[in-house]
Every structure is written in C-alpha cells, then in structure tokens.
Amino acid sequence: MIFCVVEFEWDLAKEQANINKHRHTFSEAVEAFQDTNGVRLIDRKHSDNEGRFYWVGKISSGKILTVWFTRRGNKVRIIGC
C-alpha cells in the first residue's frame, strides 16, 4: 500500500517525549510511510473521537517502525512511534 499525503504534522513536545522513551524521531516516522510494503492498521481502541491508525514500515536504518497517527484533512498527524 502506498500512502500519498500532502503534509505531516506533530506536536514538538510529544516528539521529544517519544525520543526520550523510544529513541526515534517523528522524522524517522515519516520515513516509514515511504515503505511501499508498509501496512496500515486501524486502532479501534483509540478511535472513539477520530479515526486512529498504525502504520508499520521500514526506515532507512533497516528498522521496522510502528507509527500511531490520525488523518486531518490532507495531513497526517503523528502521535507516536
């Protein structure tokens, strides 16, 4: 599945917390979306107010990342990875 988006966005404080906890930046999360073999999954547990999803894809370091995100118009808002 190829994911075409206009723009990615995220909260900088949330990115720093993610780096501290998981050692990955949200820029790396954006890389995961470039994996043409990546997979999108629905996060049913957290989709009450808006659709939440997971994207599982490989980044340039060879690691597989799971990215939590939502769609807001043409933007993908990264929640964590």
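The values are calculated or read from the model by the stated rules, or taken from the named source; none is laboratory data. Since we're looking at a predicted model, the values are computed, not measured. A quick note on method: Cβ atoms are made from the backbone with ideal geometry, for glycine too, and the neighbour counts reach across all protein chains shown. For the accessible areas, the whole protein counts, side chains as well, though only heavy atoms, and no ligand, DNA or RNA atoms are used. Shrake-Rupley method; radii C 1.70, N 1.55, O 1.52, S 1.80 Å.
At-a-glance table
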| read-out | value |
| --- | --- |
| Full-extension gain in nm, PHE8 to SER60, via 0.36 nm per residue minus C-alpha separation | 16.9 nm |
| FRET efficiency, ASP48 to SER27 (Cβ-Cβ, R0 35 Å, nearest 0.05) | 0.75 |
| Tally of Lys pairs whose C-alpha atoms are under 22 Å apart, taken over the chain, 8 or more apart or cross-chain | 9 |
| The chain: relative contact order as a whole-number percent, Cα under 8 Å and 6+ apart | 34 |
| Charge tally in the Cβ shell below 12 Å around GLU7, where Lys, Arg are +1 and Asp, Glu are -1, GLU7 excluded | +3 |
| Within the chain: Cβ-based charge dipole about Cα centre, in debye rounded to nearest 20 (Lys, Arg +1; Asp, Glu -1) | 220 |
| Per residue value of the accessible surface for the chain (all protein chains in place, 1.4 Å probe), Å² | 65 |
